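Report on the following structure.
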């Protein structure tokens, strides 16, 4: 399950919340950026913007309420990139991956300098096994912001999945490589989602 990374609200700098999105469960290691935009854009946001409210709704997976709040805001502020990014996360959380993809692609067209829409698009690609497309989107995110840690982390996860696929293919072609089998098993274990702690 990918982790959602929530931005601090424009007025406070608190650490990010990390709820789980169950509908994109195939991507245990990729992180979805949630409204984390460049400081200049975040600071220009209206104090009335619904970001904090929507983040609370997302944290409780109240997807329909979060979507309604964002759509109300976007009626009067249609070009708000942070609200649009949040809408993509909400749509993905509800399982409407095609609509989320369209939101991210439109954001990339309007704001190619923002790494977050590239990152989120990559998460959607990877969730559907399109690792080459995910890699390309993450490389675009890193070109937009070379210091964007989430994209670097996700790119590492994509490369690990690509490596595992090649190692499995090599083992299918030549099964007598025990050291490669061990490496593939270790990587497969690393890529498994963590088991939730029980009380």
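The values are calculated or read from the model by the stated rules, or taken from the named source; none is laboratory data. Predicted, not measured: the structure shown is a model, and the values here were computed from it. Backbone-built Cβ (ideal geometry, glycine too); neighbour counts: all protein chains shown.
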Taking residue 127 and the conditions (1) touching a residue at least 60 places away in the same chain (Cβ under 8 Å); (2) buried (at least 23 other Cβ atoms within 10 Å of the Cβ), which numbered condition does it fall short on, given that it satisfies the others?
(2)
Select from region 147-187 the residues that are over 25 Å from the mean Cα position of the chain (by Cα) and not in a helix (DSSP H, G or I) and write down the one among them that is farthest from residue 117 (Cα to Cα).
176
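For every residue, the table says whether it meets (1) loosely packed, with under 10 Cβ neighbours inside 10 Å; (2) under 21 Å from residue 131 (Cβ atoms).
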| site | (1), (2) |
| --- | --- |
| 145 | no, no |
| 157 | no, yes |
| 164 | no, yes |
| 167 | no, yes |
| 173 | yes, yes |
| 177 | no, no |
| 185 | no, yes |
| 190 | no, yes |
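The rows are residues; the columns are (1) over 30 Å from residue 71 (Cβ atoms); (2) free of Cβ contacts under 8 Å to residues at least 40 places away in the same chain; (3) touching a helix residue (DSSP H, G or I) at 6+ places or on another chain (Cβ under 8 Å).
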| position | (1), (2), (3) |
| --- | --- |
| 107 | no, yes, yes |
| 110 | no, yes, yes |
| 113 | no, no, yes |
| 131 | yes, yes, yes |
| 142 | yes, yes, yes |
| 146 | yes, yes, no |
| 167 | yes, yes, yes |
| 174 | yes, yes, no |
| 185 | yes, yes, no |
Which condition from (1) surrounded by 15 or more Cβ atoms within 10 Å (Cβ to Cβ); (2) at pLDDT 50 or above; (3) not in a helix (DSSP H, G or I) is the one that residue 47 breaks?
(1)
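Do we find that residue 89 is assigned to a helix (DSSP H, G or I), surrounded by 21 or more Cβ atoms within 10 Å (Cβ to Cβ) and in contact with a strand residue (DSSP E or B) (Cβ under 8 Å, 6 or more places away or on another chain) in this structure?
When the stated conditions are applied, residue 89 passes them.
Could you check, for region 126-136, whether at least one of its residues is in a helix (DSSP H, G or I), under 25 Å from residue 49 (Cβ atoms) and under 14 Å from the mean Cα position of the chain (by Cα)?
Here is the first cut: in region 126-136, the ones in a helix (DSSP H, G or I) are 126-127, 131-136.
From what's left, under 25 Å from residue 49 (Cβ atoms): none.
No, every residue in region 126-136 fails to be in a helix (DSSP H, G or I), under 25 Å from residue 49 (Cβ atoms) and under 14 Å from the mean Cα position of the chain (by Cα).
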Residue selected from region 72-83 under the condition in contact with a helix residue (DSSP H, G or I) (Cβ under 8 Å, 6 or more places away or on another chain) and closer than 12 Å to residue 49 by Cα, by the criterion surrounded by the most Cβ atoms within 10 Å (Cβ to Cβ)
82
Would you pick out the residues in region 108-124 that are surrounded by fewer than 24 Cβ atoms within 10 Å (Cβ to Cβ) and in a helix (DSSP H, G or I)?
108, 109, 110
